[in-house]
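Worksheet: one structure, shown below.
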Amino acid sequence: MILYNITVNVEKDVEKEWLDWMKNTHVPYIMETGLFVENKMFRIMHDSEDGGINYSVQFFAKDMQSVMTYQNTYFDAHNAIVQQKFPKKLAIFMTLLESV
């Protein structure tokens, strides 16, 4: 199992809108690719120095090939949607983890 973790720092003024949009639109859109078997979202429980709110958005894939297919086929378009919807309101980084 591979965990594709996306850590997002969200500015407070768009947090509620972003969270609603992620839960109801964007995450389901990513899941529609069929490349992930499960997803979870967590609020990171520590204060950010810049005052933003941090979240961990997690997508679970059965193998690395599924993640690579997502990154090569869908990531650019999905990321463009996020950047267009919330310009300069998010800081994002990704981490891949393998179940051992």
Among the strands (runs of 3 or more DSSP E) contained in the chain, which hold 1 or more residues that are on the phi < 0 side of the Ramachandran plot, exposed (fewer than 15 other Cβ atoms within 10 Å of the Cβ) and hydroxyl-bearing (Ser, Thr, Tyr)?
-> 90-98
If you check every pair at least six apart or on different chains, which have Cβ atoms under 7 Å apart with a residue in segment 39-52 that is over 30 Å from Met1 (Cβ atoms) first and a residue that is among the charged types (D, E, K, R) and at pLDDT 75 or above second?
-> Gly51/Lys12
Could you pull out the residue among Val37, Val27, Val14 that is within 22 Å of Pro87 (Cα to Cα) and under 15 Å from the mean Cα position of the chain (by Cα)?
-> Val27
Leading residue by the ranking (nearest to the chain's Cα centre (by Cα)) among those in segment 68-100 that are over 20 Å from Thr25 (Cβ atoms) and of a type in the set (S, T, N, Q) | Thr95
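The values are calculated or read from the model by the stated rules, or taken from the named source; none is laboratory data. These numbers were taken from a predicted model, which means no experiment stands behind them. Cβ coordinates were reconstructed from backbone atoms using ideal geometry, including for glycine residues, and neighbour counts include every protein chain displayed.
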